[in-house]
1. So which of 54, 67 is surrounded by fewer than 15 Cβ atoms within 10 Å (Cβ to Cβ) and assigned to a loop (DSSP other than H, G, I, E, B)?
2. For region 70-85, give me each residue that is within 27 Å of residue 195 (Cα to Cα) and in a strand (DSSP E or B).
3. Which pairs turn up if I take residues in region 158-187 that are under 19 Å from residue 78 (Cβ atoms) and look for partners that are assigned to a helix (DSSP H, G or I) with beta carbon separation below 9 Å, at least 6 apart in sequence or on another chain?
4. Checking the condition farther than 19 Å from residue 173 by Cα and surrounded by fewer than 16 Cβ atoms within 10 Å (Cβ to Cβ), which residue from 79, 132 passes?
């Protein structure tokens, strides 16, 4: 864990934003386990994520808690690193037209390649660290839903990601408030909506 945090901790690095050079302020190291204990109340469903470095310009580093109720598949044009700290997570990916489940327990790490639709489902009480790239200009994220019965794609939507803690919810609401979008045009199965996403 210490090596992973050292990798993410950059001192005095110069960044460039809109053609101007600036120095990112250096934050003091902190104890991640203590941070988790102090912030468990914020790691709540339905998405349950909290950014550790909101001001970061290169990486999105976040802690994600379980359980979650997500049925969507996230599409990211960059890699994602999953490191499981407590409990278990099942990351189901779409590959060659099939849903394939990958299991991660405490201490397990997984690097997801770019552009692979993935559905991370976390058990109750679980905690994981996720690292993603900050999206550059022209990058788009996507959300996709697949039929629970036949795995046929129900709906997909793409958008620029500006705030990973907020930008998913309008798309969740659009999907879960529409029975038409949740109805499979191949087998007729209607995906059940979690009421927490409909508000």
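Values quoted throughout were computed directly from the atomic coordinates according to the rules given, and no laboratory measurement underlies them. Fair warning: this is a prediction, and the values are worked out from it, not measured in the lab. Here the Cβ is made from the backbone with ideal geometry for all residues, glycine too, and neighbour counts use every protein chain on show.
1. Matching residue, one of 54, 67: 54.
2. 73, 74, 75
3. 159/170; 159/171
4. Of 79, 132, the one residue that is farther than 19 Å from residue 173 by Cα and surrounded by fewer than 16 Cβ atoms within 10 Å (Cβ to Cβ) is 79.
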